[in-house]
Amino acid sequence: MDEMNSERKKVVSENYDVAIVGAGHAGCEAALACARLGLKTIIFTVSVESIALMPCNPNVGGSSKGHLVREIDALGGEMGKNIDKTFIQSKMLNASKGPAVHSLRAQADKMNYSAAMRKTLENTDNLTIRQAEVAELMAENGVINGVKTFSGAEYHTKAVVLCTGTYLKARCIYGDISYYTGPNGLMAANHLSDSMKELGIEIVRFKTGTPARVDGRTIDFTKMEEQFGDDKIVPFSFTTDPKSIQKEQRSCYLTYTNEATHEIIRANIDRSPLYSGVIHGTGPRYCPSIEDKVMRFADKDRHQVFVEPEGNYTHEWYLSGMSSSLPEDVQYAMYRTVPGLENVSIVRNAYAIEYDCINPRQLKSSLEFKEIEGLFAGGQLNGSSGYEEAAAQGLIAGINAALKVLGRAPLILDRSDAYIGVLIDDLVTKENHEPYRMMTSRAEYRLILRQDNADQRLTPKGYEIGLISKERYDALLVKEEAIKAEQERLRKVTVGGNDKINDFLVRHASTPLNNGISLADLLRRPELCYDDLAEIDPERPDITPDVAEQVEINIKYDGYITRELSQIEHFKKLEKRLIPETIDYKDISGLRIEAAQKLALYKPRSIGQASRVSGVSPADISVLLVYMKQNKI
């Protein structure tokens, strides 16, 4: 009998190199990176149906976020490839502005996006998918050694990447309805937070929200402004053939709230859990609910509502701009005041969701926990918002977990390397009291960090890591050589001020010439583009559109690019001045108490990073530099 009982008490025990906790956008990128680098990887999810789930907006990319997706792709990630397979509308935002802020945005077919990513995971060597709730982290002497599921199964690993999204002790709320569940009614993860706290990890409470999904058959689209995709579709992935994705697209629609909408909200604001105190988590300032918009911007008589399809095989539509946690009856009343939604039927109520996440100051720039070796974190767990921000962090966390296991140096992207570098640096050095959202204004070197040159900036790093094939890397080298050769040719070829040239210039509203001028100098004129010059450039070589785009940008913005590169050179010097982890800031005479406390708390890796820590002044940095020089650090 004792032997039988002993047999019954046995639990599952397996060994892997890396465990990924969570299979959202961060978890998928982390798992694929580890598996593709040859490590035996297991990814846990509360439901295999939630792999790469889009619980909120049905799109990928957008202002600054498009940059992140291109960078993920350039490093060898999957998000760009996946949206190229599954988009239903594509649009380049800010196309009328300079190239630094051009951002690609694509509407996704939500179900297809999730299914395509799941298929990729299931067909990746070295990767195991496991539906189970991870309830405990196993660590000893500050070193992670695995995870334990709620069932008691143990998975022993050399590294763990936490990508839990909004699932930790998640609570969905609208009106007086509150229930502990993850997004879209999926199971919450209710046990891991306690294990994290036991390891000394600081947990904070954030919130986000989502609008209602409505039945498209009850929408009157004739009362809305139709929004079309681009005629010429640009892919997210540098490996996608543009010709392969030119297809018929779905339309989105634009409508607006009005005074009737706002009056209903104001009359019921006391029933909003945001204002009644039911919600305790901090929400995103840059993506407020409709009730927040109405109360905070009382001078606005209307707010935009983008009506977006959730996919090709569903009648659900997403009401972007009308996120809410108001009661069900108020949701119906306010939505039906919006032109085109007078008879709308709700499929899924809008709701707010509270969840546990960490204070990201506990992380290194590699996204490894400072105090727990081998434990990494990515995505909304780190206090960020958005699919793209999550995927970017998941990729870096996964890469660095793999490199850790392989005994290699981590990949650290700084603020001059990528938007991903800006994102991570902001998270680990700044006090974030709300979900962090990427914006172009956060990047100091926007002209260098364009979405169109992400491959030139990051693909060599992806190749060095092992996520980019030699064929793709060689193709990049050929592209770069073609860009360089064409720029040189344009600088050497001159055209004179003859009748043919001047007629061409007049037709393009450009000043006629009296003397000869290089084609490069002509291209610098804002009214002329590279394609225009083909008419007066008979010797032009046959180059690809992406090469032509780089040639034009590099020549038109040459002076600005040169100046920004000079600024980056100065920035790099500060980033290369590394600060030893063993330094005791209390011993530095002349350093203000607040600065010493903040530096000890954040443990910046370099002088540059130290200068960005909140509460550390330029004078404090000068004191620190003197101390390091005196002590030959």
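Ordering 483, 496, 438 by the projection of their Cα atoms onto the charge dipole of the range 395-513, which places +1 on the Cβ of Lys and Arg and -1 on the Cβ of Asp and Glu, puts 496 at the extreme positive end. Mean separation of Cα pairs under 8 Å and 6 or more residues apart, divided by the residue count, gives the range 32-147 a relative contact order of 37 percent. For the range 408-537, a/c is not less than 1.5, where a ≥ b ≥ c are the root eigenvalues of the C-alpha gyration tensor, and a/b does not top b/c. That puts it in the oblate class. Here the range 437-535 has 49 percent of its accessible surface on carbon and sulfur atoms, given a 1.4 Å probe and all protein chains in place.
So what's the net charge close to residue 531: Lys and Arg +1, Asp and Glu -1, counting the other residues with Cβ under 12 Å from its Cβ?
Taking every other residue near residue 531 into account, the sum is -4.
Amide H contacts under 5 Å for residue 108: 59, 60, 88, restricted to partners 5 or more places along the chain or on a different chain, H placed in the peptide plane at 1.01 Å from N. Placing +1 on each Lys and Arg Cβ and -1 on each Asp and Glu Cβ, with no other charges, gives the chain a dipole about its Cα centre of roughly 1200 debye. Residues within the reach of a label modelled at residue 433 (point 7 angstrom out along Cα to beta-carbon, backbone nitrogen below 18 Å), restricted to the range 197-218, are 203-208.
Atom-type composition of the exposed protein surface of the range 313-373 places 43 percent of the accessible area on carbon and sulfur (1.4 angstrom probe).
Summary: within the chain, the longest segment free of trypsin sites (Lys or Arg not before Pro) located in DSSP loops with at most 11 other C-beta atoms within 10 Å is 301-631. Distances between placed amide hydrogens fall under 5 Å for residue 606 paired with 579, all partners being 5 or more residues away or on another chain. Ligands, DNA and RNA are left out, and with a 1.4 angstrom probe the accessible area of the range 337-446 is 25 Å² per residue. The relative contact order of the chain, computed from alpha carbon pairs under 8 Å that lie at least 6 residues apart in sequence, is 16 percent.
Applying a DSSP loop filter and a limit of 13 other Cβ atoms within 10 Å to the GluC sites (Glu not before Pro) in the range 308-344 leaves 342. Working from label points 7 Å from Cα in the Cα-to-Cβ sense, the residue 593 to residue 617 distance is 1.5 nm.
The amide H of residue 20, built 1.01 Å from its N in the peptide plane, has 42, 43, 44, 161 as neighbours under 5 Å, considering only residues 5 or more places off or on other chains.
Charge dipole of the range 310-362 (Cα centre as origin; +1 on each Lys and Arg Cβ, -1 on each Asp and Glu Cβ, all else neutral): 160 debye, rounded to the nearest 20. Annotation: per residue accessible area for the range 140-202 equals 42 Å², rounded to a whole number [probe 1.4 Å, protein chains only].
Taking Cα atoms of the range 129-269, Rg/Rh with Kirkwood Rh, to two decimals?
My calculation puts Rg/Rh at 1.12.
Using the Cβ-Cβ distance between residue 444 and residue 464 with R0 set to 35 Å, the FRET efficiency works out to roughly 0.90. In a fully extended conformation the segment linking residue 13 and residue 150 would gain 48.0 nm over its present Cα-Cα distance, using 0.36 nm per residue. Extension gain for residue 514 to residue 498 (0.36 nm times residue separation, less C-alpha to C-alpha distance): 5.0 nm.
Students often get this wrong: which residues of the range 63-91 have the backbone nitrogen under 13 Å from the point 7 angstrom along Cα-to-C-beta of residue 247? The answer is 82-90. Phi angles of the range 316-325 translate, via the Karplus equation with coefficients 6.51, -1.76, 1.60 and θ = phi - 60°, into HN-Hα couplings of 6, 10, 9, 9, 5, x, 10, 4, 7, 10 Hz per residue; Gly and Pro are given as x. Multiplying the residue separation of residue 47 and residue 232 by 0.36 nm and subtracting their alpha-carbon distance yields 62.8 nm. Largest accessible area first, the residues 558, 537 order themselves as 558, 537 under a 1.4 Å probe with ligands, DNA and RNA left out. Note: relative contact order over the range 144-196, using C-alpha pairs below 8 Å and six or more positions apart, is 26 percent.
Using θ = phi - 60° in the Karplus curve 6.51 cos²θ - 1.76 cosθ + 1.60, the 3J(HN,Hα) couplings for the range 550-563 round to 5, 4, 5, 5, 4, 7, 4, 10, 3, x, 5, 5, 4, 5 Hz; x is entered for Gly and Pro.
Electrostatic bookkeeping for residue 140 treats Lys and Arg as +1 and Asp and Glu as -1; over the other residues with beta carbon under 15 Å from its beta carbon, the sum is -3. Charging the Cβ of each Asp and Glu at -1 and of each Lys and Arg at +1, and nothing else, the dipole of the range 198-318 about its Cα centre rounds to 140 debye. Placing a label point 7 Å from the Cα of residue 203 along the Cα-to-Cβ direction, the residues of the range 44-71 with a backbone N closer than 19 Å are 45-46. For residue 94, neighbours were defined as the other residues whose beta-carbon sits under 14 Å from its Cβ, and their charges (Lys and Arg +1, Asp and Glu -1) total +4.
If you wrap the tightest convex hull around every Cα atom of the chain and split its volume per residue, you get 200 Å³.
Calculated mean residue ellipticity at 222 nm for the chain: -10500 deg cm²/dmol, from DSSP H runs with n ≥ 4 weighted as -39500 (n - 2.57), summed, divided by the residue count and rounded to 500. Applying the Karplus relation 6.51 cos²θ - 1.76 cosθ + 1.60 with θ = phi - 60° to the range 596-604 yields 3J(HN,Hα) values of 4, 5, 5, 5, 5, 6, 8, 6, x Hz, where x marks Gly and Pro.
The values are calculated or read from the model by the stated rules, or taken from the named source; none is laboratory data. Just so it is clear, the model here is predicted, and its values are computed rather than measured. Virtual Cβ from ideal backbone geometry, glycine too; neighbours counted across all protein chains shown. SASA here: full protein model, heavy atoms, side chains in, ligands and nucleic acids out. Shrake-Rupley method; radii C 1.70, N 1.55, O 1.52, S 1.80 Å.
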